[in-house]
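J.: My questions will all concern the structure given below.
The values are calculated or read from the model by the stated rules, or taken from the named source; none is laboratory data. No experiment lies behind these values; they were computed from the predicted model shown. Note: ideal-geometry Cβ built from the backbone for every residue, glycine included; neighbour counts use all protein chains shown. Please note that ligands, DNA and RNA were not included when accessible areas were found on the heavy atoms of the full protein model with its side chains. Shrake-Rupley method; radii C 1.70, N 1.55, O 1.52, S 1.80 Å.
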Protein chains: 2
Amino acid sequence: MSSHVCDVLVVGGGIVGLTAAWRAQEAGASVVVLDPSPGDGATHAAAGMLGAVMEAGFGEEGQARLGTASLALWPAFAAALERAADLPPGAVGLETAGTLALAYDRDDLVALRRLLALHSGWGLGSAEISPQDARRREPGVGPRVAGAAWVPGDHRVDPRAVQVALSRVVAARGTLVPHAAVSLTRSDGAVVGALDEAGTAYAAGTVVLAAGHASGSLFAGAPTRPVPGTTLRLDAGADRSPSVVVRGTVQGRPVYAVPRPVRPDGRREVIVGATSDEREDDHLTRAGDVFGLLRDVRALLPELDDAVLLEAVTRSRPGSPDNAPILGWAADGLFLATGHHRNGILLTPLTAAAVDQALGAPPDSADAVAAVEATTRFADPRRFTDAYSTTRGGTA
Amino acid sequence: MSSHVCDVLVVGGGIVGLTAAWRAQEAGASVVVLDPSPGDGATHAAAGMLGAVMEAGFGEEGQARLGTASLALWPAFAAALERAADLPPGAVGLETAGTLALAYDRDDLVALRRLLALHSGWGLGSAEISPQDARRREPGVGPRVAGAAWVPGDHRVDPRAVQVALSRVVAARGTLVPHAAVSLTRSDGAVVGALDEAGTAYAAGTVVLAAGHASGSLFAGAPTRPVPGTTLRLDAGADRSPSVVVRGTVQGRPVYAVPRPVRPDGRREVIVGATSDEREDDHLTRAGDVFGLLRDVRALLPELDDAVLLEAVTRSRPGSPDNAPILGWAADGLFLATGHHRNGILLTPLTAAAVDQALGAPPDSADAVAAVEATTRFADPRRFTDAYSTTRGGTA
């Protein structure tokens, strides 16, 4: 049985895990990442919608605070990552052009107005516009749209491009081992390493658990569940593609279309998503889910009928009991970075700031301070432990 | 520049071309098949519905005669092919269990009744049954079905399995060259060979042109056009899959679901098809086509919503000006086997009988005699040449 020693062992090589690995490397740590197929989890299906505003519904002010804090960090995060990966500016596909929200029928419009009022109360600005104005912004908007809103604060990025950039950076200075972790190693209550499926033992000063929905099977204090979702990749061409994120509800069902930048050959991918199922993890795409996504997106953007279907992808997001992330120290030597649910891409820079802070690098901007504060308030893993519950119970 | 000499050169290695090659080998000929990617044309997308009855509409008695003549040959053809390929009985997936035809709404039922009356006039038996009886045969039939018919004469086969079997047989005794033909070689009005894209010349006593929709670009007397179509491959499992072919119309739009045999692991593929477009050839699947197929098939078989979408495939059928095949001698040394349109799989045994006859092997059964007669009457390539038109004009 071979063994490895490193400063930081990261379990999971998706966007969240590689971000933690990168930040640890920046802090001077030697890093090993364990993942049998890095980036083939939730990252692979993610559309990259940075929906800090529109993703937050009633009872989800915490998610809204986390999301807006993280979104504020995205431009600096993307630029730093592109520099570190020696990629040109724009390589990770961050665009901050805003989002068009559509309501298909009058009931959808009532719901949209309620959401706008909720967000307004939280200080998140977005404004109702007429269907005609929506069509001025996006000529592909269909004829049967009851109302719309312009959401200047919601953006997009390309998760697969982010994954590629992170892989370049992390692989240049660290080790990516293509095996799954099977257990964490403990000593006197502290986590001191992990064992992988090949029988190799890793000893580490810090273990970052970023194994997505599988995190809970390695550490009971990370109560994650798989939330499978399907996205479709279309090639709409430059002509038929929306130029900004279009999202909406169609008779109560949410759907979105996230365009990628136009390619040199004129192709333009649009990611359509996403279903959200409470079932076991699998990578199997259901016919009914594909049908539902196409039905709803074509109701908002009929021209997508002529787009080419490139791919249908199903992967599981890591859900937590309150759907907020699980981000912070959970035991001596164990930092959790999971439970990001539908917002893993959005919350990646915030996760980076939390890892920086955990490894001793103080926040380097007011936005980073805000992100760390929001993390402490809304994402602390200890909210799921008995001690924490008892404490809260004691103060109630 | 290298060159090859053979008795029979077959241009095109899909089901039709390989069938011609096999029959030529059986007649004692040395055979070369040219195809850059055998079986990746219309064969790859074909569902394998043997719809001799239900595919024939008003004005298409010729197709009905060809189809029923060919269908009668399928059991012997499949058995002979399985023997020749040293595969177990049933390997090519022929099942003769009949077809369930469904009408979604009352207008669809009116159309179905008219079709049944038409077929009855041609002596093709099928009977209207109630939606309740339809559900007794197939419990997955949906609640909104206005009417149904049982079509005992329509069956199914697995085109990809047929392709595999034919490839084994032909490769064992002949040469498959992975290049496309770029031109036919002529001498004194006769066709005496072909040139391939690698510059190799082939001299042959007989050239069989079976290049699907591309046939017309090699020989003007084979006026084929591409008719792209999309099929979907679902894994419905044994529970949710229909056990026989289910076809129907949903508000006038045709759709079908063709089950494959249950696999040992319990999986059961169902092929859902098919769109039919008059456009240029490409292999690109449109989002709107996938949407339309799923919308219509789930109207008839709602449980398919839970099936796994395995694949969406788009390939071009070879259409002819009258949508009937182009099957027979077109010049000295040139035998055409193309233009099979939607019925290439159905018409494969009839094509085999026509090739047998052309190469001097007399029909070996009454069914084969009938197939050759139907071919001569309805599929003669000379119907598209000036001389033939003049003759017909002269007798009018």
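J.: Any residue at all in the stretch B:14-21 that's assigned by TED's automatic domain parsing to the domain that holds residue B:373, over 14 Å from the mean Cα position of the chain (by Cα) and at positive phi?
T.: no
J.: Kindly indicate the residue of the stretch A:257-274 that is more than 12 Å from chain B (Cβ to nearest Cβ) and in contact with a helix residue (DSSP H, G or I) (Cβ under 8 Å, 6 or more places away or on another chain) and also most open to solvent (accessible area, probe 1.4 Å) among those meeting that condition.
T.: Looking at the filtered set, the residue picked out is A:262.
J.: Can you go through B:344, B:339 and tell me which one is open to solvent by less than 10 Å² (accessible area, probe 1.4 Å) and more than 10 Å from chain A (Cβ to nearest Cβ)?
T.: B:339
J.: How many residues does the stretch A:362-372 hold that are touching a helix residue (DSSP H, G or I) at 6+ places or on another chain (Cβ under 8 Å) and assigned to a helix (DSSP H, G or I)?
T.: The qualifying residues number 5.
J.: Continuing with this model, one more query. Collect the residues in the stretch A:196-232 that are in a strand (DSSP E or B), away from every other protein chain (no Cβ under 14 Å), open to solvent by less than 30 Å² (accessible area, probe 1.4 Å) and not small (Gly, Ala, Ser), keeping them in residue-number order.
T.: Scanning the stretch A:196-232 gives A:196, A:202, A:206, A:207, A:208, A:209, A:226, A:227.
J.: Follow-up. Of all residues in the stretch B:280-299 being of a type outside the set (A, V, I, L, M, F, W, C) and assigned to a helix (DSSP H, G or I), which is farthest from the other protein chains (Cβ to nearest Cβ)?
T.: B:296
J.: Ok, one more. Does residue A:106 satisfy the condition of being in contact (Cβ under 8 Å) with a residue 12 or more places away in the chain, charged (D, E, K, R) and open to solvent by 30 Å² or more (accessible area, probe 1.4 Å)?
T.: In short, yes.
J.: Is it true that residue B:241 is open to solvent by 40 Å² or more (accessible area, probe 1.4 Å) and at pLDDT below 95?
T.: For residue B:241, the condition - open to solvent by 40 Å² or more (accessible area, probe 1.4 Å) and at pLDDT below 95 - is not met.
J.: OK, next. Inside the stretch B:300-332, can you point out the residues that are open to solvent by 20 Å² or more (accessible area, probe 1.4 Å), more than 10 Å from chain A (Cβ to nearest Cβ) and in a helix (DSSP H, G or I)?
T.: Within the stretch B:300-332, none qualify.
J.: Sort through A:381, A:362 and tell me the only one that's over 23 Å from the mean Cα position of the chain (by Cα), farther than 20 Å from residue A:42 by Cα and not β-branched (Val, Ile, Thr).
T.: Result of the check over A:381, A:362: A:362.
J.: Here is a follow-up. Kindly establish whether residue A:278 is among the acidic types (Asp, Glu) and open to solvent by 50 Å² or more (accessible area, probe 1.4 Å).
T.: yes
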